[in-house]
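Structure first, commentary second.
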Amino acid sequence: MEELGNQLFEAREEGAEIFLTVWGMDEQVRGRISNMDPRTRLVHVECDGDTLKVPYLDIMNVESPRD
């Protein structure tokens with residue numbers, strides 16, 4: 001969990017695009033982290049002008065796109 005948190009924090013600081021594998025979702029979430037809310041434990045991911053709020057505990061993997 002600590003490593004996952006570090007990867008998310010680094011991606012947010014760098015403004016890097018990432019892929020998130022999220023529990024219960026068929027497809028990976030692709031975007032940039034705009035906010036990590038410690039109060040609600042939600043990670044806000046922006047993609048194509050939309051913001052998806054993903055529960056931190058549902059994130060299973062963080063990857064960098066290869067394209």
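Looking only at region 1-37, which residues are touching a helix residue (DSSP H, G or I) at 6+ places or on another chain (Cβ under 9 Å) and not in a strand (DSSP E or B)?
Those that are touching a helix residue (DSSP H, G or I) at 6+ places or on another chain (Cβ under 9 Å) and not in a strand (DSSP E or B): 1, 4, 5, 8, 16, 23, 24, 25.
Looking only at region 26-52, count every residue that is open to solvent by 30 Å² or more (accessible area, probe 1.4 Å) and in contact (Cβ under 8 Å) with a residue 24 or more places away in the chain and tell me the total.
3
The values are calculated or read from the model by the stated rules, or taken from the named source; none is laboratory data. Nothing here was measured: the structure is a model prediction, and the numbers come from that model. All Cβ positions, even for glycine, are placed from backbone atoms using ideal geometry, and neighbour counts span all protein chains on display. Ligands, DNA and RNA are excluded from the accessible area calculation, which covers all protein heavy atoms including side chains. Shrake-Rupley method; radii C 1.70, N 1.55, O 1.52, S 1.80 Å.
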